[in-house]
Amino acid sequence: MNARVSAILIVVTIGLIGVSFVFAWQNPSATPPNGNLPAPVNVSAAGQTKIGALNILSNLGIGTTSPAQRLDVAGNIRAYNGELISQLGAAPGNARFIGGNYGALIRNDGVNTNLFLTASGDQYGSWNSLRPLQVNNVTGDVYFANATTYITHANGNLTVGGGSGKINVGTIDPIYTISGEKFATYVSGMTGVKEETTGVVELRRKNENATRAEAVIDFKNAAKGSDAWLFWQTTDFGERWEKLVILLTSDSNGKVWYKKDPAKKLLTIYGENGGEVSYRLTAPRFDHAEWPNTSDDSSEGFKIEAKD
């Protein structure tokens, strides 16, 4: 009896297997040998090629068995003749770079493209208050250091520290191209932060009996925007004008000299003879106390040995 039941079960099992093969069969879509169905994706070490799309609804790891992101790659990524496209969404940036305790983000918010930094220990978090680099998407202007230093794309102008910053540079050389040939014109250095102005005055005698000729520079009543007015506004002459340096050159052989009048804000230039006198005025800038001759700057600049 048991042997008979076993035989029946075997026959039924074989029959069911045959039926499943029949129902699983798919006819070729074309006359053989064309239209063969592709092999299913397998986990073997053999390479496979898939023509259609492959939809992954969870994380995909390449070179790793424990992917933590939608695409997690352990190794290099190469895009050949293509682009890496990232559209800004809920994440802080379009791209993130991790190194040590810090993260760096590139973010295009539709107005500006920014390079942001994270706080230490928050490599995967949002950005901190630093703004090392920003590019305006419309104008192309480039901003550095929280937008206080920037280059204007239209004319190439550089503004440092909002216009009041400091530039450390060894040599400033405005280049002139004259008839196709380039020439250097160097900017001279100066001890202390000072302003200078130059000009020409005409010395005249007040009357026929005057023993000297003179010209007056009236700083208080100088025309707004003139050289004398601007020099007066941006400098510190000192209480007794002791910081104002005056150099005079006459077009004649006669003596020339000057007199300072701090109370009336006048500088009077005298001469034995009438005629033209060139002047050069130098005075500390209004903020000269903030810029001593000694420096605690991180840059070393020129390195020379002190003279005996």
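The values are calculated or read from the model by the stated rules, or taken from the named source; none is laboratory data. Just so it is clear, the structure is predicted and the values come from calculations on it, not from any experiment. Counting neighbours? That spans all protein chains shown, and the Cβs are built from the backbone with ideal geometry, glycine included.
Quick one: which of Lys243, Lys265 is touching a Lys or Arg at 6+ places or on another chain (Cβ under 8 Å) and either among the basic types (Lys, Arg) or farther than 18 Å from Lys206 by Cα (or both)?
Testing whether each residue is touching a Lys or Arg at 6+ places or on another chain (Cβ under 8 Å) and either among the basic types (Lys, Arg) or farther than 18 Å from Lys206 by Cα (or both) leaves just Lys265.
Mind checking whether some residue in the stretch 68-89 is of a type outside the set (Ser, Thr, Tyr), surrounded by 10 or more Cβ atoms within 10 Å (Cβ to Cβ) and within 30 Å of Val142 (Cβ to Cβ)?
Within the stretch 68-89, one or more residues are of a type outside the set (Ser, Thr, Tyr), surrounded by 10 or more Cβ atoms within 10 Å (Cβ to Cβ) and within 30 Å of Val142 (Cβ to Cβ).
Against the conditions (1) touching a Gly at 6+ places or on another chain (Cβ under 8 Å); (2) assigned to a loop (DSSP other than H, G, I, E, B); (3) surrounded by fewer than 15 Cβ atoms within 10 Å (Cβ to Cβ), where does Asn273 fall short? Just the number, please.
(3)
Output the residues belonging to the stretch 104-131 that are small (Gly, Ala, Ser), part of a loop (DSSP other than H, G, I, E, B) and surrounded by 12 or more Cβ atoms within 10 Å (Cβ to Cβ).
Ala119, Gly125, Ser126
Wholly within the stretch 132-206, which strands (runs of 3 or more DSSP E) include no fewer than the required count, namely at least 2 residues that are outside the structural domain of Glu276 (by TED's automatic domain parsing), surrounded by 12 or more Cβ atoms within 10 Å (Cβ to Cβ) and under 14 Å from the mean Cα position of the chain (by Cα)?
Hits in the stretch 132-206: 133-136, 142-144, 149-151.
Restricting attention to the stretch 255-266, does a residue exist that is touching an Asp or Glu at 6+ places or on another chain (Cβ under 6 Å), surrounded by fewer than 15 Cβ atoms within 10 Å (Cβ to Cβ), over 22 Å from Ser164 (Cα atoms) and not acidic (Asp, Glu)?
Taking every residue of the stretch 255-266 in turn, at least one turns out to be touching an Asp or Glu at 6+ places or on another chain (Cβ under 6 Å), surrounded by fewer than 15 Cβ atoms within 10 Å (Cβ to Cβ), over 22 Å from Ser164 (Cα atoms) and not acidic (Asp, Glu).
From the list Glu239, Glu276, exactly one residue is touching a residue at least 12 places away in the same chain (Cβ under 8 Å) and either closer than 22 Å to Thr191 by Cα or outside the structural domain of Asn207 (by TED's automatic domain parsing) (or both). Which is it?
Glu239
Pull out all pairs, ordered by first then second residue, where Cβ-Cβ is under 9 Å, the residues are six or more apart or on different chains, the first lies in the stretch 99-117 and is among the β-branched types (Val, Ile, Thr), and the second is crowded, with 17+ Cβ neighbours inside 10 Å and not in a strand (DSSP E or B).
Final answer for the pair search is Ile106/Gly93; Ile106/Asn94; Thr113/Asn94.
Do we find that Asn112 is at pLDDT below 85 and within 30 Å of Gly165 (Cβ to Cβ) in this structure?
Judged against the criteria, Asn112 is not a match.
Does the stretch 207-217 hold any residues that are outside any strand (DSSP E or B) and either of a type in the set (Asp, Glu) or surrounded by 10 or more Cβ atoms within 10 Å (Cβ to Cβ) (or both), and which are they?
If the condition is that a residue be outside any strand (DSSP E or B) and either of a type in the set (Asp, Glu) or surrounded by 10 or more Cβ atoms within 10 Å (Cβ to Cβ) (or both), then Glu208, Ala210, Arg212 are the ones that fit.
Looking at Thr249, Thr282, which one is in a strand (DSSP E or B), loosely packed, with under 12 Cβ neighbours inside 10 Å and over 31 Å from the mean Cα position of the chain (by Cα)?
Answer to the selection: Thr249.
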